[in-house]
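The values are calculated or read from the model by the stated rules, or taken from the named source; none is laboratory data. A quick note: this is a predicted structure, and the numbers were derived from the prediction, not measured. Cβ coordinates were reconstructed from backbone atoms using ideal geometry, including for glycine residues, and neighbour counts include every protein chain displayed.
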Amino acid sequence: MHPNPIYRDAPTAQSLAFAAERGFGTLCANGEALPLTAHVPFALDEATGEATLHLMRSNPLARACTAPLPARLSVMGPDSYISPDWYEMDHQVPTWNYVAVQLDGTLHPMPDDALRGVLDTLSETFEQRLLPKAPWTADKMPPDTLARLMRMIVPFRFTVEKVESTWKLSQNKPAENRQAAARQVKGYGIGQEVALLAALMLGAE
């Protein structure tokens, strides 16, 4: 997380809501030589601070987590390069604006009979955002095909114990200069979801 406190004062509830809305992140845990990582969709209950997810049974992180394991779930939001010229003020330098939420906690292996519930929760979480499309459910799968695929994955529960976030949106600039940069980000940004980043910059205090 960015060390400047001006970028780190977002309320915990705001950061949890952002992570829940994204629903995709990088799960990390300590390994013997290097960190173990997996890129995973997840369903986060903001009220309880618990997320459900699954991993391929062959994933090294899944193999390492045979008992509760300290872990981190890192969720990236929109980002973009910021040209110094965009601020319309002198003596600026290039930088990068972004949103990132870091969830520290414990990864818990779940019994195999919990897998179907985890899969149903995940699919429902994302399918409901596609309305009015009729939601996909696992019941549409042939039972033998579903059973074969489920043997390849294992369910996990992640309990959030600490929330940190960086909302780097040029809050350290005067409002008119930040807004000028936001307009340029929307039109010419280099990164991901630049329109969303521009909107967040325009709303930054």
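Overview of results
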{"item": "Tally, over the range 13-62, of residues that are surrounded by fewer than 20 Cβ atoms within 10 Å (Cβ to Cβ), closer than 20 Å to L196 by Cα and of a type outside the set (A, V, I, L, M, F, W, C)", "result": "4"}
{"item": "Cβ-Cβ under 8 Å pairs, at least 6 apart or on other chains, the range 159-185 side over 17 Å from D79 (Cβ atoms), far side part of a loop (DSSP other than H, G, I, E, B) and among the hydroxyl-bearing types (S, T, Y)", "result": "N177/S170"}
{"item": "Boolean, V118 is assigned to a strand (DSSP E or B), at negative phi and not charged (D, E, K, R)", "result": "no"}
{"item": "Residue selected from the range 59-87 under the condition assigned to a loop (DSSP other than H, G, I, E, B) and in contact (Cβ under 8 Å) with a residue 60 or more places away in the chain, by the criterion farthest from F156 (Cα to Cα)", "result": "S83"}
{"item": "Given (1) closer than 29 Å to H54 by Cα; (2) of a type outside the set (V, I, T); (3) in contact with a Lys or Arg (Cβ under 7 Å, 6 or more places away or on another chain); (4) surrounded by 19 or more Cβ atoms within 10 Å (Cβ to Cβ), number of the condition M152 does not satisfy", "result": "(4)"}
{"item": "Every pair of residues 6+ apart whose Cβ atoms lie under 7 Å, when the first sits in the range 90-106 and is more than 17 Å from M201 (Cβ to Cβ) while the second is modelled with pLDDT of 95 or more and small (G, A, S)", "result": "V101/S15; V101/A19; V101/S165; Q102/S74; Q102/S165; L103/A19; G105/A71; T106/A71"}
